[in-house]
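Worksheet for the structure shown next.
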Amino acid sequence: MGRIRWLLLAVTVLVVACAGSRDDSATDREMRGLYSYLADAALFEDCETGRRYPVAFEGDHAALERAYLATRSEPGQPVFVVLRGRIEPRPPMEGDGEIPTLVVTGSGRFYPGETCGNPGATAELQDMYWKLVRLDGAPVVRLPDRREPHLVLHTADRRLAGSTGCNRLMGTYELDGDRLAFGPIATTKMACPGDGGQEARLLAALEAVTTWRIQGIHLELLDGDGTLRARLEATPLT
């Protein structure tokens, strides 16, 4: 009987170990990446891993495709998207067997002009050119013949510089771990027709910022409620 008990225990441990090590990629999760659709084929490049997956024409894909077609500026253009989905095996468009495929389980939001950057790369907060790519959940407008909206947090004197996309901005900031506060901030006084109030919203967002975090080459600025107010993409200063 003792030998049988040990055999049953060994089998139980093996089953638990296998369950604990199974691939969890089939679990629904928020995913960030580049989506494209052309010639009845959809592709998704996962920013976290750099892997590319075909997209299954099931789940919430129809809504995602409609949103993409309303956003992209030319056929087949990859556009950054945040969506919910999971990776499951599906038959390929050609050939036999099954391949890892993205199944969309929640309609996504597209952000033109935003990229994945280099998977695994990490940017530093200070002395970096931060291009504004998202403001209060909306894509950023760039006015013709104007500097793109951006920030630079200089280490020296904790000096803030940049552009609202219309006017030059300058000021100071305070930094303590993940705590960040801007101000006071001043700008030049050029008129900004066509920006849809973006400059005012950017200044209001910066005034509300209390914390920051970096994900790869993206800086996210959050207010006291933990709401994401601005997302910026890094370019090293030269």
So how do 221, 160, 38, 143 line up by other beta-carbon neighbours within 10 Å, fewest first? 38, 143, 160, 221
Could you pull out every whole DSSP H run in the chain that spans at least 24 Å of Cα extent along its own axis and averages -1.0 or higher on the Kyte-Doolittle scale? 2-20
Here, trypsin sites (Lys or Arg not before Pro) of the stretch 168-238 satisfying both criteria (DSSP loop; at most 13 other Cβ within 10 Å) are 189
From the residues 135, 212, 115, which one has its Cα farthest along the dipole of the chain in the positive direction, the dipole being from +1 and -1 charges on Cβ of Lys/Arg and Asp/Glu about the Cα centre? 212
In what order do 154, 61 fall by count of nearby beta-carbon atoms within 10 Å, going from fewest to most? 154, 61
Starting from the Kirkwood radius over alpha-carbon pairs of the chain, derive D by Stokes-Einstein at 10 °C in a medium of 1.306 mPa s and give it in µm² s⁻¹. 77
With -39,500 (n - 2.57) per DSSP H segment of 4 or more residues and division by the full residue count of the chain, the 222 nm estimate, nearest 500 deg cm²/dmol, is -5500 deg cm²/dmol
Exposed loop sites here are GluC sites (Glu not before Pro) in DSSP loop states with at most 11 other C-beta atoms within 10 Å. What is the longest stretch of the chain lacking them? 99-238
Length-normalised contact order of the stretch 128-186 in % [C-alpha pairs under 8 Å, at least 6 apart]: 23
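Rule-based calculations on the coordinates, nothing more; no lab input. Since this is a predicted model, take the numbers as computed values, not measurements. Quick reminder, even Gly has a Cβ in these numbers, built from the backbone with ideal geometry, and neighbours come from all protein chains shown.
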